[in-house]
1. Against the conditions (1) more than 16 Å from ligand 2 (Cβ to nearest atom); (2) within 14 Å of chain B (Cβ to nearest Cβ); (3) under 23 Å from the mean Cα position of the chain (by Cα); (4) assigned to a loop (DSSP other than H, G, I, E, B), where does A:Tyr140 fall short? Just the number, please.
2. Condition first: without any contact (Cβ under 8 Å) to a residue 60 or more places away in the chain, within 16 Å of ligand 1 (Cβ to nearest atom) and open to solvent by 10 Å² or more (accessible area, probe 1.4 Å). Can you find one or more residues in the range A:391-407 that meet it?
3. Yes or no: A:Ile213 away from chain B (no Cβ under 14 Å), away from ligand 1 (no atom under 16 Å from the Cβ), over 30 Å from A:Ile190 (Cα atoms) and not polar (S, T, N, Q)?
4. For the condition under 30 Å from B:Ser320 (Cβ atoms), away from ligand 2 (no atom under 16 Å from the Cβ) and either among the charged types (D, E, K, R) or open to solvent by 30 Å² or more (accessible area, probe 1.4 Å) (or both), what is the one hit in A:Leu215, A:Leu239?
5. Can you confirm whether the range B:250-267 contains a residue that is surrounded by 12 or more Cβ atoms within 10 Å (Cβ to Cβ) and over 26 Å from B:Trp117 (Cβ atoms)?
6. Considering the range A:126-136 alone, what residues qualify as being in contact (Cβ under 8 Å) with a residue 60 or more places away in the chain and open to solvent by 10 Å² or more (accessible area, probe 1.4 Å)?
7. What are the residues in the range B:172-203 that are basic (Lys, Arg), under 23 Å from A:Arg446 (Cβ atoms) and open to solvent by 10 Å² or more (accessible area, probe 1.4 Å), if any?
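The values are calculated or read from the model by the stated rules, or taken from the named source; none is laboratory data. Keep in mind that this is a model prediction, so the values were computed, not measured. We place every Cβ from the backbone using ideal geometry, glycine too, and count neighbours over all the protein chains shown. Ligands, DNA and RNA are stripped out before the accessible areas are found, and what is left, the full protein with its side chains, is counted by its heavy atoms. Shrake-Rupley method; radii C 1.70, N 1.55, O 1.52, S 1.80 Å.
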Amino acid sequence: MAHDQHNYLNHQKGIWSWLTTLDHKRIGIMYFIAIMSFFFLGGVFALLVRAELFTPGKTLFSADVYNRMMTYHGAIMVFMVIVPGIPAIFGNFVLPIMIGAKDVAFPRLNLMSWYMLMIGAAITGSTLFMQNVDTGWTFYTPYSSIKTGMGVIPMVLGVFIIGFSSILTGLNFIVTTHKLRAPGMTMTRIPLMVWALYSTAILQVLATPVLAITLLLLIAEKTLGVGIFDPQLGGDPVLFQHFFWFYSHPAVYIMILPAMGVVSELVATFSRKTIFGYTAIAYSSLAIAGVSFLVWGHHMFVSGQSEFAGVLFSFITMLVGVPTAIKLFNWIATMYKGSIRLDSPMLFAIGFMFLFTIGGLTGVYLASTGIDIHFHDTYFVVAHFHYVMVGGTLMALMGALIYWFPKVTGKLYNDTIGRISWVFIFSGFNVTFFPQFILGNMGMPRRYYDYLPTFTELNQMSTFGSWLIGTGFLVGFFGVIFALLKGKEAGMNPFGGKTLEWTIPSPPPHENFDKTPVLTGGPYEYR
Amino acid sequence: MNWFSFIPATSFMPVPATKESGDVDNLYIFLLVSGLISFIILIGGMVIFIFKYRRKTEDQKSAYITHNTLAEFLWSFIPFVIMMVIFAWGWNVFHDLRKVGVKGDVEVHVTARQWAWTFKYANGIEVNSPTGDKLEPNIPESTLLKPEIVVVPVGKTIRFILTSDDVLHSFYVPAFRNKMDAVPGRRTTFTFTPIEKGDFTVFCTEYCGTKHSNMMATIRVVDSEQFTAWQAAEIGKKAGAADAGPAQRGEALFKGSLGCSGCHSLDGSRIVGPSFKGLYGNKRDFADGSSVVADDAYIKQSILVPTAKVVAGFPPAMSSFQGRIKEDEIKDIIEFIKTLK
Ligand code: HEM
Ligand SMILES: [Cu+2]
């Protein structure tokens, strides 16, 4: 019985023991609570934005209020939910266990990362009550530096601090993966989730500082009038875009690689089959991480950069498409001759593949200069990145939640609730974002408060879909509460997983392993 | 000459109205078809496996397959080849859209500013959008302004030379499948050859502040005779305007090329900045607590150094007109403001 056992949950008691904990598992849970609160807030803004767009003209708010909500929705979702999401929550919880370690390499640094996220979020969030920001999450200059209020400063300061949280987490994961693997666990025997987190960590450490510097330069320009981005002071407004995307393009892979890791685990476990092409999946993560540094200019095909630059960035972007395609083929090949069970985590993995395929294929359209000229900054792009990021990351997040829930809490997540949640999220997702591809075709620009009457029906469909998604996540959340109160005892390995976390009790003991495991084979040996 | 034209793939796109846009559509159709095939292979395969290899008994075993070099080579190499085709084709179309260094038969300087476009022809004709408070009719609660019309001749190469007075904007005409950012301090070009007559909407696609979605214009493509006639009429109008009194000239500036009406109303309503109704000779309260009676000096200062005195309750959003406005134009505007009782 889990209750009598000595585990990490009852190891110490009281709120203070949580706030000062150095246990990676508890920190993972703290991240979960924090990030889910941000997600709720970002979701409310999303629903409001969609509600405003239900009819052309003013539906609920003025243009000013709309622009702010659109900005907060984007900034919260990107910087506070999807970027930290899977690595901070599930990475923290499962990474050390999956490699047979007692904790991460630097437990204090790990706790500090959590506090930095909280401090950054508090500073960013405080602008909601003082000086709302209306720049959009990309903070493009010179609008952000000369044309809008001073709220931009605390906003980007908060994002800057959140960035440090991300860097520290990445650093921690890199060292942990290199130094703390159990005996026998070579780099080619680590689970694919760990490979994904490891590749992500490299991106976090290398790319995030660029964002940090960019944001500092923006603050310097806004407060001291240093002419970096403002042409009236002799600066270059497009320089900001270069800096920004030099971070933010790799960042989109910070968002998606961990999700790919989750999907690799789910597909293997629920197909009860060795993952197909382990090395290809592992190395394609690294390849994506590497190449993603060289493609930032594909966000700027119409910024006035030279035609040659555009062509070069287009070419390199196409190269990212290949490892992405490889992963999809490998997951599907893993299901071939498998023994597949459609439990709710697997449904989310399948949902991921479905949505991610659409998102990835439309990415190829956008990478092709000739057609991106038409689609850039329209709803087509909005649809594309929601398909990959939300369809990808959030689907994987839900899958991960239900999959590791029994390990984390010792209780099973009710599968029926999981399935109902999936139906709402998956269908709602397509109803919301598919029409946006068509709106992009028709030429509706993004970040639009008001639109021509011809765009009305598709926008209404999209708004309707957003309610379905909202319902789906509420059901999913209800499932968490229900499982905590009424969930069945899970046992050590409810899904038949092969990675190390399934070899220890649920919930795990304080130091994960009573006896350090010794590995003799790869992670997915279903024979 | 639509490749695959029997597939109404581009049926959601506006009619292709320029020589270049047909090529863009062909590329799009190729992408759509190849994308659809890839989707069917991937997702179709996935769905088949889900049903075929469903776990039926609890102890059902799976096959042990770790890799297959040939399959892996093929599914890396084939996508690579397809993507290179898409890349090269896209490059080709892109080069044609950009027309780097090509001079137009008609050249127009386009200046973007929050939240309007100004079109200046070589012969001095100027079209400003929007000219005043013309709201789009028939849409309840609409905030869209009725876009002003810019006329260009069909069949000629037209080059717009873009720049911006304040922030980034982007000049986008869906029917032309073309788009280019207007960047302050820089000149970019947007070149096209219209083949269809009609009215085509211009949008701003780079987020530029509160009224980003209102920043529209209409390009009217007509035949050469009509274009010549339009030019003659515009030049006549301009000559007429020159004879008008200072207040009329001021009004034209206010609603026209300076674009003041984008932010300031004349009827007391609040847009982005304060209304000018009853401004002259009345007290203004400022954000810093001070106040002053609006006179010539104050109005002039507000035009040239808008941040010097910011009216309480409004953001310091206006940018300086220094260098864009002449001394006697300021006088005309003041005369116009005096008439707004
Ligand atoms: C791996 C998952 C992917 C993620 C998470 C992702 C994410 C994003 C995001 C967030 C944006 C919009 C950025 C903005 O706000 O402006 C974007 C745009 C873009 N993506 Fe992706 N993407 C992914 C896959 C791909 C792929 C596979 C390609 C091409 C092979 C691609 C090509 C592009 C291009 C060219 C743009 C710029 C479009 C434009 O602004 O005109 N993406 N992506
Ligand atoms: Cu604009």
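1. Result: A:Tyr140 passes all but (1).
2. No, that holds for no residue.
3. Details: away from chain B (no Cβ under 14 Å): yes; away from ligand 1 (no atom under 16 Å from the Cβ): yes; over 30 Å from A:Ile190 (Cα atoms): yes; not polar (S, T, N, Q): yes.
Taking the combined requirement at face value, the residue satisfies it.
4. Working: A:Leu215 fails: either among the charged types (D, E, K, R) or open to solvent by 30 Å² or more (accessible area, probe 1.4 Å) (or both).
Exactly one residue qualifies, and that residue is A:Leu239.
5. Filtering the range B:250-267 for residues surrounded by 12 or more Cβ atoms within 10 Å (Cβ to Cβ) gives B:250-266.
Cutting the leftovers down to over 26 Å from B:Trp117 (Cβ atoms) gives us none.
No, the range B:250-267 has no match at all.
6. So in the range A:126-136, the residues in contact (Cβ under 8 Å) with a residue 60 or more places away in the chain come out as A:132-136.
Scanning the range A:126-136 gives A:Asn132, A:Asp134.
7. Let us first name the residues in the range B:172-203 that are basic (Lys, Arg), namely B:177, B:179, B:186-187, B:197.
Checking which are under 23 Å from A:Arg446 (Cβ atoms) leaves us with B:177, B:179, B:186.
Correct list: B:Arg186 only.
For (1) of a type in the set (A, V, I, L, M, F, W, C); (2) within 12 Å of chain B (Cβ to nearest Cβ); (3) part of a helix (DSSP H, G or I); (4) more than 20 Å from A:Ala75 (Cα to Cα), each residue gets a yes or a no:
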{"site": "A:Val238", "(1), (2), (3), (4)": "yes, yes, yes, yes"}
{"site": "A:Trp245", "(1), (2), (3), (4)": "yes, no, yes, no"}
{"site": "A:Ala251", "(1), (2), (3), (4)": "yes, no, yes, no"}
{"site": "A:Gly261", "(1), (2), (3), (4)": "no, no, yes, yes"}
{"site": "A:Ser264", "(1), (2), (3), (4)": "no, no, yes, yes"}
{"site": "A:Thr269", "(1), (2), (3), (4)": "no, yes, yes, yes"}
{"site": "A:Lys273", "(1), (2), (3), (4)": "no, yes, no, yes"}
